[in-house]
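I have placed the structure first, in the form of structure tokens, so that the comments after it can refer back to it.
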Amino acid sequence: MLVAHRTPATGYELSPYATAPRAFWALLGCSLLVSLLVSLQTSVGWLRRIALGLGGIALAAFVGLPVIRGYQYYGAGDALTHLGWMRGIEAGAFHPSELYYPAVHTIATLVGVTFGIDLAQAALIVVVALSVLFFVFVAATTSRLFESPYSSIVGTFSAFLLLPITNLSTFVVIHPMTQGILFSAVITYLLFTYLEDPSPAAVRSATGAVLALTLVSTVVYHPQLAAHLLVFLVSICVVQYLARRFRPEHPIASHRRMYGQTLVLVAAFALWASKHGLVVDVIEFTFSNVVDYFAGDGDASEAVGSQSASLAELGASVVELFVKLFGASMVYLGLTGLIALPTMTPFGDRLTDETSGTIPYFVVGLAGLGVLAGVYYVGNVSQMYFRVFGLMMLFGTIAGAVAISYGLSLPSRRHAAGIVHGIAIAGIVVLLLASLLAVFPSPYIYKSSPHVTEMSMHGHESAFEHADEDVTFVGIRAGPNRYMDASNGRLQHTRGHKGAVTGEEIDEGIASQYSADRYLTVTQNDRDREVVAYQELRYSRDQLNSISGQPGVDKVQSNGEFELYYVHGRAE
């Protein structure tokens, strides 16, 4: 952490992996390896906890690289709008309850005000804090479901993979759905504690009350997350009903019923949805598109086809990107399937007993979420199916960790522990490398870093402050709407600056494209994204460099990371 902090970012960084000091990566790898080796080899509980704590600190440093290296902000697009909403809450421009999902914004604002730090930094700290929460409670849930010396170790390192982060609809930036999924690890722990807690009635009731409170809180993290969790809870209720009806000897039949907790979440979701019409609109839009699809009027593959074509132009393929983004996830879903199979046969009685019969909950719950993802896909709802997948990978991480822990426990009773540990270490190292390489957007996954530099932020703010109100803004690939959101702190989205100039329009002459004057913004992010990450797919280096010399285009502001041009439109 000290090595990374002493090498702060001096400008826009296309990839955190390439620009962080090599010593940081070497020390991070050593820390994780020491953590893994010691925790596997020691039989002393306190030493194992210290070793796993070392690994947790190392992963917190990894997630917190933007904080440690002094980024002004990390997160473009939606994340800039969320920053604007935080500033609006801090300024009292609107009440948090006016937002559809105010939890993360309120937490970040409280952190910023309490510690006297800029909200942009407070937001990044919240991302790190919720990631650490995810690490702790995934490990705790794994240990809760299967008692083994390996459970806490495998659970911790499985959490380190950050499988819910897909960089498609879940991200390691301020993003309420992502933070809500990470927070759901707490709910998962409380849920399974509540289901099979042998404690006295008063303690069980307290656990139930805390579980109900955390379930309600998911509605303000993101109502869509609450709806997705409802699918999982309803699946549990169905399994419990069937077990009591047809398999009274199964451990599930003795679990505490989840009916009441599910109704609590239904009531909270319905109340919040009645206050915010957008929730109902999304539901109606989704099912309308599903109906259109089955009527032959929809196109579920539109987004996938567009992405496939772009990847082909870059010399890549969907299969390559799929392996990079989801390779480790597929391993864990496969392990979940493997551990589920014995529980469906008479030969799985031992596994069923050792896991208290909880595996069917994961199988049916993941199946239900898979159907929901299919509905989103058929409904062509803007990659929302990847949000469902992110939640699925919370449960898939835990179930896969249980499978690995169970597998390690079996041969270690008969064979040399060294062989078992060697295989485990090699497998975990490969999975860590494969998964962590795709956590931050970078050219490795054909994306650019959403790093927002101080000069880019200040450049946009200065441009908005001094601009002619009657002249709109355009940008490269997208206009600076999001920067306006971050600057003004208003509840309403900025709509007027979404236009963009294309590469072909640059070749034809930018000024000739508009009948009225425009401002054109160009950032270092734009240049590196288009030329390096996207390999000049839509804009070439020469096109971007030619802007300043075009007739009718005047550079009016520049600070090294941000350029503002005034485009004189052609008279009608």
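Since every read-out is calculated from the coordinates, none of them should be taken as a lab result. Please read these numbers as outputs of a predicted model, since none were measured by experiment. Cβ placement follows ideal geometry from the backbone for every residue including glycine, while neighbour counts extend to all protein chains displayed.
Worth a mention:
- Helix 78-91 and the longest principal axis of the Cα set of the chain meet at an angle near 90°.
- Working note: Debye formula, equal point scatterers on the alpha-carbon atoms of segment 15-154, no solvent; log10 I(q)/I(0) at q = 0.15 Å⁻¹ is -0.86.
- Each Lys or Arg adds one and each Asp or Glu takes one away; over the other residues whose Cβ falls under 12 Å from the Cβ of R144, this sums to -3.
- Nearest 10 degrees, 0 to 90: helix 201-221 Cα axis against the chain principal axis: 20
- Calculated FRET efficiency, R490 to R350, Cβ-Cβ distance, R0 = 41 Å: about 0.10 to the nearest 0.05.
- Once the Cα-Cα distance is subtracted from the 0.36 nm per residue extended length, the E469 to T42 segment shows a gain of 147.0 nm.
- DSSP bridge orientation in the chain - percent antiparallel, rounded to nearest 5: 70
- Potential lengthening of the chain between A500 and V430 amounts to 21.1 nm, from the contour at 0.36 nm per residue minus the alpha-carbon distance.
- Anchor K447: aspartates and glutamates whose Cα lies under 18 Å away (excluding residues fewer than 8 positions away in-chain): E13, D78, E313, E320, D526, D528, E530, E536
- For the chain, averaging the sequence separation of C-alpha pairs within contact (under 8 Å, six or more residues apart) and dividing by the residue count gives a relative contact order of 19 percent.
- Net length available on complete extension from L110 to R6 is 34.6 nm, with 0.36 nm assigned per residue and the Cα-Cα distance removed.
- Considering only beta bridges that DSSP places wholly inside segment 453-567, some 65 percent are antiparallel.
- Rounded tilt (10° steps) of 22-41 against the dominant C-alpha axis of the chain: 10
- Taking 14 Å as the straight-line reach from the Cα of K555, the aspartates and glutamates in range (excluding those fewer than 8 positions away in the same chain) are D517, E563.
- Cα-based Kirkwood hydrodynamic radius, segment 149-241, one decimal, Å: 14.8
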